[in-house]
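Visitor: Below are the structure tokens for one structure; questions will follow.
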């Protein structure tokens, strides 16, 4: 998270101070109406910051043959900066990165119903996240519990999923405590993600302010968690761990470190929920790039590559994964063709990558070469104001 967002969060919080409901559009606000996607198309959901435009979630129609993207719906909601789809694709959950919800110093988590024919969203309900500045959201494989990381407050929370996709009040909450070596960025805890492993058994919270990756045992049915033993793993001091991604076989995990522009590789003991650090590599080319910070990390669907976005260098770093050891080999960089790539994602087939450039207000599509792990521009892009999250949903 860039510090310039703090002012915007406060302003947005003031706008909804005292509100108990975050506005959510149930119909398009553009002239283009939702439509059923064809066989070669899929729906894509984009979460955005709303400092420059009221649209928080944009529904795109993606042509998987050409990489072309067409807006189909725009939903007004303040700062839905991270989105996740339920496993059955019936619901979309969003965290609203604000600092005041319902008169409480907290953000919000929102639930939307998805129209499978058109991809359109309809707001169901919201709940307080019990901490301000929520920036990441996850749902378990059974659609029973939603997890949220509160960056501003440095806390994590869990919410039960009720009938019809409604979210119940927080069923779990934990406040992280402590500091790390950078007094400007690590004066206290800043939880930046809350992610489940492939077995749906443990949840991992990267805390940028503490240089720790917290580990929790998850009881999805009861929508509760408890600290694991060991309760956390560490990264090198001053790294600022942001996001974590697991390989599909659940053998290795990789953390992108925002502050030092590095990626840390871990061996993962899935039965024990234990991370063992292997190595840490730079995400930048030789010579570095002053002012850079990392944002998103994604592993390929075949578990052979890991990708990390560089904000400043405006690229995605490509690493090959040694399938036996989990160690990484740098394979180069691809420009995202815009400014400040906050997020990128790869479709379920592993064919298309979309990169969201927050500060140039655009999204570019790329064709993935599964053999080399590299990707090339399709020549297609779309304008979206301050895009920061991408989620794919195959059309039925």
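Visitor: Quick one: pull the percentage of alpha-carbon pairs in region 46-200 with a separation above 25 Å.
Guide: Every Cα pair in region 46-200 considered, those over 25 Å come to 31 percent.
Visitor: Separate question: Based only on the alpha carbon positions, what is the Kirkwood hydrodynamic radius of region 202-279, in angstrom?
Guide: 12.6
Visitor: What do the square roots of 5 times the Cα gyration tensor eigenvalues come to for region 101-177, in whole Å, largest first, as semi-axes of the equivalent ellipsoid?
Guide: 23, 13, 11
Visitor: Which three extents, in angstrom, do the Cα atoms of the chain have along their principal axes, listed largest first?
Guide: Projected onto its principal axes, the Cα set of the chain covers 50, 45, 38 Å.
Visitor: Let me ask another. Convex hull over the Cα atoms of region 61-142, averaged projected area in nm²?
Guide: 6.2
Visitor: Could you give the length gained on full extension between residue 105 and residue 320, defined as 0.36 nm per residue of separation minus the Cα-Cα distance, in nm?
Guide: 73.1 nm
Visitor: Calculate how large, on average over all directions, the projected area of the Cα convex hull of region 311-396 is; give the answer in nm² to one decimal.
Guide: In nm², the orientation-averaged hull projection of region 311-396 is 6.5.
Visitor: Could you work out [θ]222 nm for the chain from helices alone, using -39500 (n - 2.57) per DSSP H run of at least four and dividing by all its residues? Round to the nearest 500 deg cm²/dmol.
Guide: That calculation yields -1000 deg cm²/dmol at 222 nm.
Visitor: Still on this model: When the Cα centres of region 262-290 and region 66-128 are compared, how far apart do they sit, in Å?
Guide: The two parts, judged by their Cα centres, are 31 Å apart.
Visitor: Under a GNM of the chain (C-alpha, springs under 10 Å), which listed residue has the highest mean-square fluctuation: 293, 282, 239?
Guide: The residue that fluctuates most here is 282.
Visitor: Can you give the Kirkwood hydrodynamic radius of region 139-292 from its Cα pairs, in Å with one decimal?
Guide: 15.8
Visitor: What's the extension gain from residue 224 to residue 70 if we count 0.36 nm per residue and subtract their Cα-Cα distance?
Guide: Computed gain between residue 224 and residue 70 is 51.5 nm.
Visitor: Taking a spot 7 Å from the Cα of residue 349 along the direction of its beta carbon, which residues of region 55-78 have an amide N less than 18 Å from it?
Guide: Residues passing the 18 Å test: 60-70.
Readers should treat all values here as calculations from the given coordinates under stated rules, not as data from a laboratory. Note that the structure is a prediction, hence the values are computed from the model and not measured. Positions of Cβ are backbone-derived with ideal geometry, glycine not excepted, and every protein chain shown enters the neighbour counts.
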